[in-house]
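Everything below concerns the one structure shown next.
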Amino acid sequence: MPVDPGWNGRADGLPVLILAGDADAIAPPEKAEELAAFPAERGADVTLKVIKAQHDLTTADYDLARAWLI
């Protein structure tokens, strides 16, 4: 998951949702935690959820995203 470490802007209050699968071999949960730290350190309101899934989208992803958007 590429992140531009040179970007020093602010993201104060920006809502960010990151969903990760606990069995994802392509983007493991540890990488999602690293990804979540980047906007959080810049003031974003980050929600990180790890669900029982691999790399595919599941019904849980849709349900969590829907609830987060409302």
Taking loop as defined by DSSP and a crowding limit of 14 other beta carbons within 10 Å, which trypsin sites (Lys or Arg not before Pro) in region 37-70 fit? K52
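Please compute the contact order of the chain in relative form: average sequence separation of alpha-carbon pairs under 8 Å and at least six residues apart, divided by the residue count, as a percent.
Values: 95 pairs, mean separation 27.2, N = 70.
Normalised by residue count, the contact order of the chain is 39 percent.
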Please go through the chain and write out the GluC sites (Glu not before Pro) that DSSP classes as loop and that have at most 12 other C-beta atoms within 10 Å. E41
Which of the chymotrypsin sites (Phe, Trp or Tyr not before Pro) across the chain are loop residues per DSSP, with 10 or fewer other Cβ within 10 Å? W7
For the chain, the longest principal axis of the Cα atoms and the Cα long axis of helix 59-69 enclose an angle in degrees, to the nearest 10, of 40
Cα gyration tensor shape for the chain, rounded if a/c is under 1.5, else prolate or oblate: oblate
Theoretical ellipticity at 222 nm over the chain - DSSP helices of four or more residues, -39500 (n - 2.57) apiece, nearest 500: -10000 deg cm²/dmol
The chain accessible area per residue, 1.4 Å probe, protein heavy atoms, integer Å², reads 70
Taking all protein chains as present, what is the carbon and sulfur share of the accessible area of the chain, in % to the nearest whole number, probe 1.4 Å? 57
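The values are calculated or read from the model by the stated rules, or taken from the named source; none is laboratory data. A quick note: this is a predicted structure, and the numbers were derived from the prediction, not measured. Every residue, glycine as well, gets a Cβ built from its backbone with ideal geometry; the counts of neighbours run over all protein chains shown. Remember, those area values only see protein heavy atoms, side chains included, never the ligands or the DNA or RNA. Shrake-Rupley method; radii C 1.70, N 1.55, O 1.52, S 1.80 Å.
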